[in-house]
Amino acid sequence: MWEMIVRRLPSGMVIVCTIFTVVIPICFYTVSDLIHKYGDPPWKRP
């Protein structure tokens, strides 16, 4: 049973790329938010 499940799993590269697909946009969003938080002039801050 376990062997059947393991054979159906995608390769390691597919799993790594899937994780990157989630992590990279989150990192860009966080960095962009920090840049705007500390880099915007006072009149542009909400």
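The values are calculated or read from the model by the stated rules, or taken from the named source; none is laboratory data. Only a predicted model underlies this, so the values are computations on that prediction, with no experimental measurement involved. Cβ atoms come from the backbone with ideal geometry, glycine included; neighbour counts cover every protein chain shown. The protein model used for the area step is the full one, side chains on, heavy atoms only, and it has no ligands, DNA or RNA in it. Shrake-Rupley method; radii C 1.70, N 1.55, O 1.52, S 1.80 Å.
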Checklist entry - Taking the Cα centre of the chain as origin and charging only Cβ (+1 Lys, Arg; -1 Asp, Glu), how large is the dipole, in debye to the nearest 20? => result 80
Next on the checklist: Using only the alpha-carbon atoms, how far is helix 12-39 inclined from the longest principal axis of the chain? Give it as 0 to 90 degrees, nearest 10.
Outcome noted: 10
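Just need the Rg to Rh number for the chain, please, alpha carbons only, Kirkwood Rh. Please report the intermediate quantities before stating the final value.
Values: Rg = 19.6 Å, Rh = 13.8 Å.
Reported Rg/Rh, Kirkwood definition of Rh: 1.43.
Using a 1.4 angstrom probe on heavy atoms only, work out the carbon and sulfur share of the accessible area of the chain in %. Show your work: numbers first, answer last.
Details: 3400 of 4660 Å².
The C+S portion of the solvent-accessible surface of the chain is 73 percent.
Sort the following peptides by mean Cβ neighbour count (other Cβ atoms within 10 Å, averaged over residues), highest first: 5-11, 31-37.
Details: 5-11: 8.0, 31-37: 10.1.
Final packing ranking: 31-37, 5-11.
Can you tell me the accessible area per residue over the chain, all protein chains present, probe 1.4 angstrom, in square angstrom? If you can, show how the numbers build up before the last one.
Values: 4660 Å² over 46 residues.
With all protein chains present, the chain gives 101 Å² per residue.
222 nm [θ] for the chain, helices only, -39500 (n - 2.57) per DSSP H run of 4+, per residue, to 500? Don't skip to the end; give the middle numbers.
On the way: 2 runs with 35 residues, N = 46.
That comes out to -25500 deg cm²/dmol.
If each residue of separation counts as 0.36 nm, what is the full-extension length gain between Cys17 and Met1 once their alpha-carbon separation is subtracted? Kindly include the intermediate steps, with their values, before the conclusion.
On the way: separation 16, 0.36 × 16 = 5.76 nm, distance 2.69 nm.
Result: 3.1 nm gained on full extension.
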